[in-house]
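So the structure is just underneath, and the comments pick up after that.
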Amino acid sequence: MNVLVYSGPGTTTESVKHCLESLRLHLSKYYAVLPVSDTVLLTEPWMRKTSMLVIPGGADLPYCQLLNGEGNRRIKKYVKDGGKFMGFCAGGYYSAERCEFDVGGPLEVSGSRELAFYPGTCRGCAFKGFKYELHLGARASKLLVNTHWLTRAPEQVYTYYNGGGIFLDSSKFKDVEVLARYDEKTDIDDQDQAAIIYRKIGKGGVILTGPHPEFSPRLFKDVEKEFEHVVDQLKLHDKDRRAFMRELLRKLDLRVSEDIEDTTPKVTPMYIASPFSGKVHNLLTTLHESLEVENGVFKDDNDSFIFQDESHPQNHDSEPQEEDDPTKGIKHINFITSGNIPTGKMTPYFNLQKYFDSLRKLSKDTVTEFGSVLGYCEVITSTNTILEKNPHWLQYLPNGFTLTASTQISGRGRGGNVWINPRGVLATSILFKIPKSELASSSVVTLQYLCGLALIEAILGYGSTVSGEGVGYEDMPVRLKWPNDIFTLKPEYFDDLKQKEDTTTVDGNDEKYVKISGALINSQFIDGQFNLVWGGGVNVSNDAPTTSLNLVLQKLNDLRRSEGQPALRPYEPEILLAKLVFTIDQFYSVFKKSGLRPFLPLYYKRWFHSDQRVVVSGDHGKSRTCTIKGITPEYGLLIAEDENNHEILHLQPDGNSFDIFKGLVYKKST
């Protein structure tokens, strides 16, 4: 599920940054915390996949101009149906029944507001001196916390304040809970001094704030001299603030991490290894001969690298780290040129020897084009970023080079989404080099279908060394969603082995399937050939934010035991990755000659959509009911037949989204 932070017109860059950072600290273990535009809120069906919507600080009037009418109607319905909502500062003004800001002053903004989540007026500034885009009127505001409602929160906290309001006459509203009050004299005459309030709206819940409990003093850099003492004071009390913010989120029934420390891990060195003679040595030699390395460092477009072999020490603890952005430091790449494989002590969360042993067993000791050279990081920014955002070193990497990691701190998805991948997710990127030819344009587009199919075949064929023969994992209830996402039946709906054939996605209002794998592909044309980086992630053993292969496997094993069959061993990332790259290696030898067409029967066997009835949403609100007939082999366009006039539609994956739970295909917005 998602936590969406509005980042469109009206918000400030600073507010969005602090909001994302704070929410990810407390929620990223269980939710994807993502920025979202006004266009998405207005046009896309975001509500079903969203656990909470957040309106951060900024200016309230642009929110009104963009979201009044349809946007607010959607937000109110979302909350009444059970959604959670937070409004910080300007988001608090915007979400009250009436906003009164700087009344009688040069910045006055007054008027009624549509959301009316607070049934009264939010009036500010609580403390005079506010100036847009500056910190000169800001302060560390002391709050008295209502521990009756927030039993695990500290009794008082200091939070950043800059222009927020007071929720007037809060004691008059029986359904309003005041979670914190200003604990110092304000410039607004009000007996209750409500700074942060909670209100239940229908089945959902709302928290609105005047101050900024989401702001972290760690993120304030190069501030005005007059503001430095405020930052210092906030730092002294920041642990209590983080605990308070955690309890606000818990109040909204969100799952939160108990740890309130900033636990974003540091990027670790990468190991590049291969048991096949000369491969790593030749790669390192090529890089040194082809790239301009200055003082031991090579600067590519996005990252800087130090390339070194086993003869150099591997200790980098004494090097300076980027305090605020761990993605910006120099990336160390250790080339294991001897042919030895790093031991378990060097890579405790991924057994490279087990991976290569599995690959050699599958390939019967032949050297595969894919996966025979493996890069591994315990902690990486993003496997895709390290490859495709650095084209100079990318062009010298071999076709089939594979990069995997145990943790990504800037994982990337479609639409520019960024998140932290925890351990338990197999995050992998694979390089494809396709020479320019008549078939190249088709291959560039349809490669994502081939890789998605290879991944689901690796899941179903896990443990088997013979293609097409399963050893039990073929009963896993997994399906492809066009174009290449993989969904699994939720364990609570998996009570019969025959259900793996069931492609119905809902049970009443409940969704039976959940996404377990996603992928994206990026392409660059360098020196006469396409360099495609396919990046995929699959939940192998992590139980949040959705489910994992091994949780579903536990249910499969229960069914197997009931029929007198032995339990299957849990999926291991090393063995699954070996199966994936071996399957890609086999598939790609056919694909580069014949394209996607030979794989379509198997693709259709694995997907949800054969003869599925869907509503295709078009321009200006027009829609038509269609039947899915397949995909085009040349470019993977979804083929849909209009049930009324039998017109054939071809839908592009990059321009449309497919909601399998509503049977809806709609145009993407950015």
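The values are calculated or read from the model by the stated rules, or taken from the named source; none is laboratory data. Bear in mind the structure is a predicted one, so any value in this text is a computation, not a measurement. Reconstructed Cβ throughout: ideal geometry from the backbone, glycine too, with neighbour counts over all protein chains shown. Areas reflect the complete protein model, heavy atoms only, side chains present, ligands, DNA and RNA absent. Shrake-Rupley method; radii C 1.70, N 1.55, O 1.52, S 1.80 Å.
Here are a few things to note about the model shown:
- Using a probe of 1.4 Å, the accessible surface attributed to Trp149 totals some 100 Å² when neighbouring protein chains are kept in position.
- Out-of-range pairs (alpha-carbon distance over 20 Å; input Lys515/Lys629; Lys498/Lys555; Lys49/Lys512; Lys512/Lys662): Lys515/Lys629
- Ordered from highest to lowest accessible area with the whole protein assembly present and a 1.4 Å probe, Arg199, Arg250 read as Arg250, Arg199.
- Accessible carbon and sulfur surface of segment 577-668 relative to its total accessible area, %, 1.4 Å: 48
- Per-peptide packing, taken as the mean over residues of other Cβ atoms within 10 Å, places 251-257, 48-54 in the sequence 48-54, 251-257 from highest down.
- Rg in Å to one decimal, and Dmax rounded to a whole Å, for segment 481-585 via C-alpha atoms: 17.0, 58
- Surface accessible to a 1.4 Å probe, Tyr396 within the full protein complex, Å²: 80
- Between the C-alpha center of segment 148-216 and that of segment 276-301 there is a gap of 57 Å.
- Ser304 long-range amide H proximity, modeled H, under 5 Å: Lys331
- When the residues His392, His212 are ordered by accessible surface, computed with a 1.4 Å probe over the protein chains alone, the sequence from largest down reads His392, His212.
- Model label sites at Arg423 and Ser594, defined 7 Å from Cα along the beta-carbon direction, differ in position by 4.3 nm.
- Dipole magnitude for segment 429-585: about 280 debye, using +1 per Lys or Arg Cβ and -1 per Asp or Glu Cβ, origin at the Cα centre.
- Per the Kirkwood formula applied to alpha carbons, segment 114-212 shows a radius of gyration over Rh ratio, Rg over Rh, of 0.96.
- Heavy-atom surface of segment 1-147, accessible at 1.4 Å and reported per residue (Å²): 36
- Within segment 342-408, the percentage of alpha carbon pairs spaced more than 18 angstrom apart rounds to 44%.
- In terms of packing, defined here as the mean over residues of other Cβ atoms within 10 angstrom, the peptides 93-101, 501-509 line up highest first as 93-101, 501-509.
- Rounded to the nearest 20, the Cβ-based charge dipole of the chain about its Cα centre (Lys and Arg +1, Asp and Glu -1) stands at 1460 debye.
- Its DSSP H runs of at least 4 residues, each contributing -39,500 (n - 2.57), put the calculated 222 nm mean residue ellipticity of the chain at -7500 deg cm²/dmol, to the nearest 500.
- Taking all protein chains as they are arranged and a probe of 1.4 Å, the heavy atoms of Ile306 leave approximately 30 Å² accessible to solvent.
- Remark on the chain: Rg and Dmax equal 27.0, 81 Å (Cα only).
- Descending principal axes extents, segment 196-292, alpha-carbon based, whole Å: 65, 45, 20
- q = 0.14, 0.15, 0.20, 0.25 Å⁻¹, segment 430-525: log10 I(q)/I(0) [Debye, one scatterer per Cα]: -0.65, -0.72, -1.02, -1.28
- Segment 555-605 and segment 43-67 have Cα centres separated by 41 Å.
- Computed lengthening from Lys605 to Asn302, 0.36 nm per intervening residue step minus Cα-Cα distance: 105.0 nm
- Order of exposure, largest accessible area first, which applies to Met245, Met47 with probe 1.4 Å: Met47, Met245
- Listed residues Gly452, Pro477, Ile516: farthest to the positive end of the dipole of segment 434-550 (Cβ charges): Gly452
- Of Phe298, Leu287, Pro275, farthest towards positive along the dipole that unit charges on Lys, Arg, Asp, Glu beta carbons give segment 192-299: Pro275
- Computed E for Lys203/Glu258 - FRET, C-beta separation, R0 25 angstrom, nearest 0.05: 0.40
- By the rule of a C-alpha distance below 20 Å, with chain neighbours fewer than 8 residues away ignored, the lysines paired with Lys221 are Lys17, Lys131, Lys235, Lys239, Lys328.
- Share of alpha-carbon pairs per 10 Å distance bin for segment 1-155, given as whole %: 10, 37, 38, 15, 0
- Using only side-chain charges placed at the Cβ, +1 for Lys and Arg and -1 for Asp and Glu, the dipole size of segment 112-264 relative to its Cα centre rounds to 400 debye.
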